[in-house]
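The values are calculated or read from the model by the stated rules, or taken from the named source; none is laboratory data. Keep in mind that this is a model prediction, so the values were computed, not measured. Neighbour counts run over all protein chains shown; Cβ positions are idealised from the backbone, glycine included. All accessible areas refer to the heavy atoms of the entire protein, side chains included, with ligands and DNA or RNA removed. Shrake-Rupley method; radii C 1.70, N 1.55, O 1.52, S 1.80 Å.
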Amino acid sequence: MEGLSRTLCLTAVLLILTEVRPELVRVPLAVQHGVEGRSVLLAVETLFRLNESEVQGTWSHTRPSGARTTLVTFTKNSTITDMTRRDRLLFRGPNASLQLLALRPSDEGVYRLDLNVEFHNRTGHFLNVVKTVHVTVDVPVSSPHIGMSPTYPVVEDRENVTWSCSVQIGTKVGFQWLRNNVVLGPGKRYWFSEDSSTLVVSPVRKEDKGEYSCLARNHVSQMLSRSMDLNVYYGPYNLAVNPGQGQGQGQGNVFYINPGEPAYFDCKADSNPPNSYVWISKNANSSQVVMQGPRLEVPSYHLFQHKEYLCRAFNNVTEKQDETQFTLLVTGSRTGKEKHSQVSSSVSPLAAITICSLFIIAFMVLFFLRRACHPKRVLMNIYNRPLTEQRRPHLSGHEDATEDFGIYEFVAVSGLMESTQASCRSLARLESMQDVQTTIYDVIRHVPETPGHSLLTVPSPTQAALRQ
């Protein structure tokens, strides 16, 4: 009974030492990537004093096929190495590390360390440790070669592109694709082969253009291929009309230009190859092509208060087109929303005030002209002259014919008489006439009447001859 209890206690102590103190033996790297022809060290760290313990252990190798081979059997004082591999194995005591020399592909596999430790101060107490290291043997990759099919530029939404990447030297090579130095991952239009050596883009879009490169790598090396450009025909996209310098833009596609200034507009769209541009002037019932090319120049004498234009972009390769329409307004020196409000309103307040003022001034001018030139007022001005003005001396060239001196004024009244002769005093009767067309020959001279002569007296033959 006592023997059984002692055995159980020793077993419990051994389990405690094994579970509580696993750090007594440690392998820093559980995986080692070796290069063919070079060496790799399977390092082991022991965290106890070797002179206070007895050590016994083995290193073994298990190939990927499952075959297992014991490489080294060792104690603290002796080592036995497999003679078939003794020239490529180096055991490093006393910490039980193992170095593999001149690696070959056949050296790949799992290396296992079985270690038993007995401490001097605990006779009969053993510590069993098992550690494994996975070793790979690879050949560094060479510079990858990249290819594209087709090699010519492709049209978006019509064609596919297949990329391929390969290396001449290298084992367990993986590939990664980059566009403009950004890694590409799987997507709706990106298809990768199992090792990613092939990339298919289907269908090609505008965003697929750029420089493509391939990164080839394995556990021990990596190499980047040269870049290769993918040219994609696309567009037009984002068509826009930009005004020239000094021209304002309102809400939407509305542009303003000052009177007398030429207008310049540039039509631009994202496209490959470059678009063909056509400018169209739109009227109420018709449209007309006014210019070809990316720039529209409208001379000042062609500008109207309101004009509609359209820019049409066409890609000859993709056979796609886009167009945008804008309005050109001719305004004053004001800009912005003030211009737009004044143009959109039928009559601005300032224009209304100006028109009313001109109408009032014109009415007043016509009123005063009518009053000043009315026939009645003209007649009144004639007969209201001072008497001294009427009696000014007059030289007729035949002063001896005193009997012929007199003043004759001819007044023609339309609708009343064909021809009438009257004296100055008889014209006073015309004041009562209204709305009558009159023709007045002004007074040449007024001479006071004498008792022997009347204004209605028939002139003598001598007087008639002088008048002729």
Self-check item: HN-Hα J in Hz across the range 84-90 - Karplus 6.51, -1.76, 1.60, θ = phi - 60°, x for Gly and Pro
Solution: 6, 10, 5, 7, 10, 10, 9
Quiz prompt | Probe 1.4 Å, protein heavy atoms only - accessible area per residue of the range 69-171 in square angstrom | solution = 51
Quiz item: Between I361 and S142, what length in nm is gained on full extension when 0.36 nm per residue of separation is reduced by their alpha carbon distance?
Solution: 69.1 nm
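Can you order the peptides 359-365, 259-265 by their average number of other Cβ atoms within 10 Å per residue, highest first?
259-265, 359-365
Suppose R0 equals 35 Å; then what is the FRET efficiency for Q222 and T70 from their Cβ-Cβ distance, rounded to the nearest 0.05? Mind showing how you got there, number by number?
Numbers: r = 36 Å, r/R0 = 1.03.
My answer for the efficiency is 0.45.
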Exercise. Output ³J(HN,Hα) for the range 276-287: one whole-Hz value per residue in order, computed from phi by the Karplus curve 6.51 cos²θ - 1.76 cosθ + 1.60 with θ = phi - 60°, and x for Gly and Pro.
Key: 9, 10, 9, 9, 10, 8, 10, 10, 5, 10, 8, 9
Practice problem: Sticking with the crude label model, points 7 Å out along Cα→Cβ, report the distance from D82 to T354 in nm, one decimal please. | Solution: 10.8
Exercise. Pop a pseudo-label 7 angstrom from the Cα along the beta-carbon direction at both T324 and R38 and give the gap in nm to one decimal.
Key: 5.8
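Rank-order 94-101, 65-72 by packing density, defined as the average count of other C-beta atoms within 10 Å over each peptide's residues, highest first. List each step's numbers first, then the result.
Numbers: 94-101: 18.0, 65-72: 13.1.
Averaged packing, sorted descending, gives the order 94-101, 65-72.
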Practice problem: Using a 1.4 Å probe over the heavy atoms of the protein chains, calculate the carbon and sulfur portion of the accessible area of the range 114-199 as a whole percent. | Solution: 52
Quiz item: Which loop GluC sites (Glu not before Pro) in the range 170-268, with loop taken from DSSP, have no more than 13 other Cβ atoms within 10 angstrom of their Cβ?
Solution: E194
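First measure r as the distance between the Cβ atoms of K188 and V130, then evaluate 1/(1 + (r/R0)^6) with R0 = 35 Å and state the FRET efficiency to the nearest 0.05.
On the way: r = 49 Å, r/R0 = 1.40.
Step by step, r from the Cβ atoms, then E = 0.10.
Starting from 0.36 nm per residue, how many nanometres of slack lie between Q292 and K206 once their C-alpha separation is accounted for?
Working: separation 86, 0.36 × 86 = 30.96 nm, distance 2.62 nm.
Roughly 28.3 nm would be gained on extension.
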Self-check item: For T171, residues with placed amide H under 5 Å, excluding near neighbours
Solution: V139
Quiz prompt | Computed FRET value (nearest 0.05) for T171 with A102, which takes r as the C-beta separation and R₀ as 22 Å | solution = 0.85
Quiz item: Using a basic spin-label model with each label point 7 Å from the Cα along Cα→Cβ, how many nm lie between L47 and R92?
Solution: 2.0
